[in-house]
Amino acid sequence: MTASQPGPPRPLDGFLVLDFSQFLAGPVAALRLADLGARVIKIERPGVGDIGRGLAFAGAHAGADTVSFHAMNRGKQSVAADLKDPDQLAFVRRLVEQADVVVENFRPGVMKRLGLDYDTVRAQNPGVVYGSITGYGDDGPWRDRPGQDLLAQSIAGLPWLQADPEPSPVGIAIADHLASCHLAHGITALLLRRLRTGIGGQVQTSLLEAMLDLQFEMLSVRLTEPGAVGARPRGPHSAHTYLPAPYGVYPTADGYLSIAMNPVPQLGALLQIPELVELTEPETWWEQRGRIETLIADRLRTRNTADWLTVLDAADVWCAPLHTVDELVEHEGFRAIDMVQTLERDEQDGTRTEVTTTRLPMRLDGQRLWGSDAAPLLGADTDQVRAELAPDREPVAGSVP
């Protein structure tokens with residue numbers, strides 16, 4: 001759909017959020033608040049702005065900015081301010097005094113040097129909810145390492161968990177996106193507490209914590225029974241290090257088919273593989289994982305994905321086709337979930353930019369939440385925000401200028 005004017009009130013209508021963060025986890029956390037109705041003002045460096053304006057996913061741009069910047073900053077306002085300039089910093093501090101929420105994702109210590117850390121802000125604005133994302137927390141040996149998605153995945157061991165046979169990281173910014181969810185979750189929880197008690201607060205998370213939480217099953221087993229997650233050889237089509245066959249992704253005559261947890265003998269009967277029907281002991285599904293997967297793959301290659309889905313779906317086997325991105329966006333199932341919206345923005349050169357992106361992935365009271373505005377041009381709202389929320393203060397009569 002094409003985004004239109006805001007509809008009914010949203011849960012966070014009336015809350016003011018200052019977003020000091022840059023690509024990617026912080027801006028997406030603030031985006032989630034904006035989609036829920038908050039007014040989000042993005043504080044950016046003059047002339048340069050958020051590094052996400054130029055850091056292009058797949059090299060894609062739309063107008064003056066990258067497509068990914070548009071996607072993660074829709075519905076926000078932009079204020080350009082040099083935080084190293086005393087006058088501009090004073091302007092931003094006046095905004096902070098009025099903010100309900102502050103979001104930042106600088107390395108530990110940066111906001112403190114600017115006098116915008118939680119303790120300083122809370123002294124001026126006791127009810128503030130202050131949200132921070134770092135790479136690896138505020139303490140420990142990784143504290144000052146670059147907080148970047150691939151690096152966080154690597155430190156947390158995620159590529160090792162997916163070794164097939166070499167370590168394989170997830171090919172999207174999963175640490176950033178999950179950390180953004182945790183930060184937005186914590187912020188909304190503290191806003192609820194403030195409404196009940198008047199007490200603000202601070203929520204902190206990190207890319208590392210997001211990656212550790214993602215692996216809570218594996219880590220819980222490792223910490224409880226250290227020997228239980230030792231090296232287990234994966235089969236040629238395994239999709240999980242610690243689940244037995246047939247869990248995996250298999251080639252068909254025209255694509256791929258994913259098969260989840262299913263009894264191997266039942267699957268062998270459906271696929272007419274006598275060798276699998278004989279494997280009635282679940283331990284053999286571990287011990288013979290490579291052989292089982294090879295037999296399944298050889299059989300599935302003989303027919304198309306749609307043919308096999310007809311057979312397996314009728315028997316309630318847990319399976320699904322593996323889509324390419326083009327197959328996904330053209331599928332009626334993708335259209336049915338209605339995740340797409342188009343946002344428009346007028347550029348400084350007079351042209352008009354359209355960006356088609358996704359929406360907030362939830363429904364409230366049965367309603368989907370669509371964006372109302374595109375991502376802002378750098379500094380587009382500086383003058384308006386200054387006049388509305390932080391006009392220059394007049395000297396008090398009798399005071400020394």
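The values are calculated or read from the model by the stated rules, or taken from the named source; none is laboratory data. Since this is a predicted model, take the numbers as computed values, not measurements. Please note: Cβ atoms are built from the backbone with ideal geometry, for glycine as well, and neighbour counts cover all protein chains shown. Surface areas here come from the heavy atoms of the whole protein model, side chains and all, with no ligands, DNA or RNA. Shrake-Rupley method; radii C 1.70, N 1.55, O 1.52, S 1.80 Å.
Worth pointing out:
- Prolate/oblate/rounded call for the range 4-127, Cα gyration tensor, a/c under 1.5 rounded: oblate
- Solvent-accessible area of residue 354, all protein chains in place: 120 Å² (probe radius 1.4 Å, heavy atoms, ligands and nucleic acids excluded).
- Sorting 160, 286 on solvent-accessible area from highest to lowest, probe radius 1.4 Å, gives 160, 286.
- Inter-label distance for residue 170 and residue 330, nm, one decimal - labels placed 7 Å from Cα along Cα-to-Cβ: 2.8 nm
- Between residue 260 and residue 138, the C-beta separation translates, for a Förster distance of 56 Å, into a calculated FRET efficiency of about 0.90.
- Order by protection proxy (mean Cβ within 10 Å, highest first), peptides 31-39, 170-178, 108-116, 373-381: 31-39, 373-381, 170-178, 108-116
- Shape call, the range 73-112: gyration tensor on alpha carbons, a/c limit 1.5: rounded
- Site pair residue 364 and residue 97 shows an inter-label distance of 3.0 nm when each label is modelled 7 Å from Cα along Cα→Cβ.
- In this label model, residue 224 and residue 124 are separated by 4.9 nm, measuring between points 7 Å along each Cα→Cβ vector.
- Per residue, the chain exposes an accessible area of 52 Å² to a 1.4 Å probe, with every protein chain left in place.
- Choice from 53, 232, 45 showing the highest fluctuation, given a GNM over the chain with Cα pairs closer than 10 Å: 232
- Kyte-Doolittle at least 0.0, axis length at least 27 Å by Cα - qualifying DSSP helices, the chain: 174-197
- Taking 0.36 nm per residue of separation and subtracting the current Cα-Cα distance, fully stretching the chain between residue 145 and residue 344 would add 67.9 nm.
- Residue of 199, 337, 155 that the Gaussian network model of the chain assigns the largest fluctuation, springs spanning Cα pairs under 10 Å: 337
- Each principal axis of the range 286-401 carries a Cα extent, and these read 90, 39, 33 Å when sorted largest first.
- With every protein chain in place, the range 99-150: carbon and sulfur % of accessible area (1.4 Å): 49 percent
- Sorting 209, 104 by solvent-accessible area of protein heavy atoms yields 209, 104, largest first, with a 1.4 Å probe.
- Neighbourhood charge, 11 Å Cβ-Cβ cut-off, centred on residue 248 and excluding it, Lys, Arg +1 and Asp, Glu -1: 0
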